[in-house]
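Here the structure comes first, spelled out in structure tokens, and everything after it is commentary.
The values are calculated or read from the model by the stated rules, or taken from the named source; none is laboratory data. Computed from a predicted structure; not experimentally measured. FYI the Cβ positions are ideal-geometry reconstructions off the backbone, even for glycines, and counts take in every protein chain you see. Accessible surface is based on the protein model in full, side chains and every heavy atom, while ligands, DNA and RNA are left aside. Shrake-Rupley method; radii C 1.70, N 1.55, O 1.52, S 1.80 Å.
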Amino acid sequence: MKTMKSICFFAVGLMMTFVFCACSSDSEPEQLPPPEPPVVEEPDELEFRVLVYVDEASVKGHLGGSERRVKSEMDILFSKTSNFFNAGSKELKYKYSYTVADIVVYQGSSQDATFRKRVYNDPIDFSKYDVTVLFDCLQDNGETGNGGAAHGGGSDNRSVVTVFANPGKKKEIFTDDTYKTLAHELGHYRGVTDMYQYLIDAKDNPVSHQSFDVPPCIMKWTSDGVWSEYAVNCMNLSAGAKQIGKVFPDFFNSLYPKKIEINVTVSGKPEKGAVVKIYGSRAGATGRNRDIYPEVFVEGKTDTNGQYVLNDVKKYFNPKANGFANVPDDLPYGRWFGFLAEVISGNSKKYVWMPEWEVQMPHFEGKDTYKVDVTF
């Protein structure tokens, strides 16, 4: 009897297992939802590490007397620079933090060839430094030339900002407006050109005798204290690229649109045959102000649609490299900084300014054409 109970129990258990397995084989396995992708938060602040060079004579003299004191003051200077930089616009995509990563106190002349090779061309550790700032706050050791600030570059797409003293005057970088100057020069580091180079006085425009101004911008005058829309667009585009040239080869030239399209209408209708003459705007040079070059650069007539079109715009702004005639030998940076268009319909004449920075604005909107409407 005991044996019979065991057999029955085994049979019932076997039957239950069979039923369970049979039911399970007829159903689909439960589908789990795909895992959520990890949330990657974009930083709201970009840090740029600065390698600072400063002359020994100034460190031991008017800048504080010791490297420790100068390091402390340098941290404050770049903090003020960052604050001024960020206060320039609420439209900046990020906050910018320029921090001192290292200070090198150098001896001798800042114009020494061996020293300049070290600053501009010798290998640099980009894992530690993003931008270099060279201070020479006292002219000595045979140094010559006017002071001020300039932005330059060396090998490996590095960026070097220089701040030099004027002859016979110590540069008080910790108590003067050097922090504003640095913001301007670091604007160049972020890809923005000098806006003041587009200013034209009426006396320097022999074509229409009109003056031309640009919007307030730190890249115009540091005292403006604000970034123009153009400057903001450039910086938002270059954003976190520590060496812009590596991430955006030929950054500035890539901003030109494909076409400039001048549309001429008379009494609301497209005007065929209107004459268009283009004059170039030059940056300033020694002994000469920024001006409009008085000879026609290119000219033509509007088509049946009332349009005059320049294709491949970049080549027009870089005329020396593209074989154009009527280009002066005196053309700083080898490029026009803008155009002044003279449009003639019958006995009527109008002028249109096309500064380089404005011509580039469509790029930031994803457009390939800069359009100008001229109405008679």
Q.
Let's test the formula: R0 of 35 Å, r as the Cβ-Cβ distance of K128 and D213. What FRET efficiency results, to the nearest 0.05?
A. 0.25
Q: Would you mind classifying region 219-259 by shape? Square roots of the alpha carbon gyration tensor eigenvalues, ordered a ≥ b ≥ c; an a/c under 1.5 is rounded, otherwise it is prolate if a/b is larger than b/c and oblate if not.
A: oblate
**Q.** Residue-averaged [θ]222 nm for the chain, counting only DSSP H segments that reach four residues, each worth -39500 (n - 2.57)
**A.** -7500 deg cm²/dmol
Q.
For the chain, take the longest principal axis of its alpha carbons; what is the angle in degrees between that and the long axis of helix 2-25, to the nearest 10 within 0 to 90?
A. 30 degrees
Q: Could you rank D373, D213, D112, D55 by how accessible they are, 1.4 Å probe, largest area first?
A: D373, D213, D112, D55
Q: State in Å² the accessible area per residue of the chain; use a 1.4 Å probe, count heavy atoms of protein chains only, and round to the nearest integer.
A: 53 Å²
**Q.** Residue with peak Gaussian network fluctuation, the chain [Cα springs, cutoff 10 Å], from A57, A325, A231
**A.** A325
**Q.** Separation of the N83 and A113 label points, Cα + 7 Å toward Cβ, nm
**A.** 4.5 nm
Q: Holding the Cα-Cα limit at 28 Å, pick out from K117/K171; K220/K269; K93/K203; K93/K320 the pairs that are longer than that.
A: K220/K269; K93/K203; K93/K320
**Q.** GluC sites (Glu not before Pro) within region 269-376: DSSP coil, no more than 16 neighbouring Cβ in 10 Å
**A.** E295
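Under the rule a/c < 1.5 gives rounded, and otherwise a/b versus b/c splits prolate from oblate, where does the chain land using the Cα gyration tensor? Provide the component values of the computation, followed by the final result.
On the way: a/c = 3.43, a/b = 1.43, b/c = 2.39.
Cα axes put the chain in the oblate bin.
How much length is gained on full extension from D140 to E229, taking 0.36 nm per residue of separation minus their Cα-Cα distance?
Going from the current span to full extension adds 27.9 nm.
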Q: Place +1 on the Cβ of every Lys and Arg and -1 on the Cβ of every Asp and Glu in the chain, take the dipole about the Cα centre, and give the residue among V161, G284, F84 whose Cα lies farthest towards its positive end.
A: G284
Q: Give, as a single signed number, the net charge of other residues whose beta carbon lies under 11 Å from the beta carbon of R335, with Lys and Arg counted +1 and Asp and Glu -1.
A: +3
(Q) Give me, ordered by chain and number, the residues 5 or more places off V161 or on other chains with an amide H under 5 Å from its own placed amide H. (A) T132, V133, L134, G152
Q: Could you pull out every one of the lysines with an alpha carbon less than 22 Å from that of K170, ignoring same-chain neighbours closer than 8 positions?
A: K60, K71, K80, K180
Q) Helix 229-238 versus the longest principal axis of the chain: what angle, 0 to 90°, nearest 10, using Cα atoms? A) 50 degrees
Q | A150/N326 FRET efficiency (R0 45 Å; Cβ-Cβ; nearest 0.05) | A | 0.90
Q | J(HN,Hα) series, region 117-130, from Karplus relation 6.51 cos²θ - 1.76 cosθ + 1.60, nearest Hz, glycine and proline x | A | 4, 4, 6, 9, 10, 5, x, 10, 8, 6, 6, 10, 10, 10
Q) Based on the alpha-carbon gyration tensor of region 88-240 and its eigenvalue square roots a ≥ b ≥ c, which shape applies: rounded if a/c is under 1.5, prolate if not and a/b is larger than b/c, or oblate? A) oblate
Q. Quick one: helix 67-87 against the long Cα principal axis of the chain, what's the angle to the nearest 10°, folded into 0 to 90?
A. 90 degrees
Q | All lysines inside 16 Å of K349 as judged from Cα atoms, apart from same-chain residues fewer than 8 positions distant | A | K272, K277, K301
Q. Ordering K171, K80, K371 from largest to smallest accessible area (1.4 angstrom probe), what's the sequence?
A. K371, K80, K171
Q: Could you go through region 188-198 in sequence order and give the Karplus-derived ³J(HN,Hα) for each residue, using 6.51 cos²θ - 1.76 cosθ + 1.60 with θ = phi - 60°, rounded to whole Hz, and x for Gly and Pro?
A: 4, 4, 8, x, 9, 7, 6, 6, 5, 5, 9
